[in-house]
Structures are given as structure tokens and as C-alpha cells.
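The values are calculated or read from the model by the stated rules, or taken from the named source; none is laboratory data. Bear in mind the structure is a predicted one, so any value in this text is a computation, not a measurement. Cβ: placed from backbone, ideal geometry, glycine included. Neighbour counts: every protein chain shown.
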């Protein structure tokens, strides 16, 4: 079950941000995760293309297109962390990366790793933002 915190963000149990604009460190960490994910999803598209070509003798450009579109979506997501829907778009990217398991089974490992990094970025970013706010509040 999700709820709303004091700043109006939609959060899941454990403080994971689901929707809304995170504070400074939350945005930065989340953007870094999806920015690094660009390389991995591009390579995943190339692997899917190569697997299809080795099986059929013909490459399926759709795999390259899907990998490219997902990579562009990662770039857009990294740039939209200041928008209320940026975090929600990040969740879509994580789900899409996990869905790649149907084409390349080892993408499950990659998807789980990036999902863990994504959740860690959202949780730890919020903690860092809270610690910074507490520190600044105590300063004269």
C-alpha cells in the first residue's frame, strides 16, 4: 500500500518514492542510475539481435529498435527527475528492463541489479536529503 508523505510525495512502505519530485540528492542518485542503465540496455538490444541472427540466420532489427528506444527513454528519464512524473517514468524503465527477460533470459540479472540500484537511490537519496535538511536547520 502506498501513502503520501508530509511533502506530498507518493511513497511506498520503506520510504521508496513512487511519484513526485525528490529533493536534490534523490534526483541526482536516481538520474545516475538510469544514465548508467543506457549502456546496459543498448548492449542488451545488441545481444538480442545477435541471438536472433544466430538462430534464424537473419537479424531482427526490431530488437535493435527496442533497445535503442529503451536507451533513449533512460536518457529522457535521467533528464526529467525534476518533473513530478520523472520518478514514475523511472519505474517504467525498470519494469521494461525486467521485461527484457522474455528475449534475453540473463537480462533478469541485469534488471534485478538495476532495480536494486534504483530502489537504493530513492531510499538513500531521501535519507541524505533529510539529513541535509536537519543539518541546515541546526545551523545558526
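Points to keep in mind about this one:
- In region 53-67, the residues that are assigned to a helix (DSSP H, G or I) and surrounded by 15 or more Cβ atoms within 10 Å (Cβ to Cβ): 63, 64, 66, 67
- Among the conditions (1) more than 17 Å from residue 114 (Cβ to Cβ); (2) surrounded by 19 or more Cβ atoms within 10 Å (Cβ to Cβ); (3) more than 14 Å from the chain's Cα centre (by Cα); (4) in contact (Cβ under 8 Å) with a residue 60 or more places away in the chain, residue 44 misses just one, which is (1).
- Those residues of region 76-109 which are at pLDDT 90 or above, assigned to a helix (DSSP H, G or I) and in contact with a helix residue (DSSP H, G or I) (Cβ under 6 Å, 6 or more places away or on another chain), in sequence order: 77, 78, 89, 90, 93, 94, 96, 97, 98, 108
- Residue match in region 128-135 (condition: surrounded by fewer than 20 Cβ atoms within 10 Å (Cβ to Cβ), touching a residue at least 60 places away in the same chain (Cβ under 8 Å) and touching a helix residue (DSSP H, G or I) at 6+ places or on another chain (Cβ under 6 Å)): yes
- If the condition is being within 18 Å of residue 54 (Cβ to Cβ) and crowded, with 17+ Cβ neighbours inside 10 Å, then region 105-117 contributes only 107.
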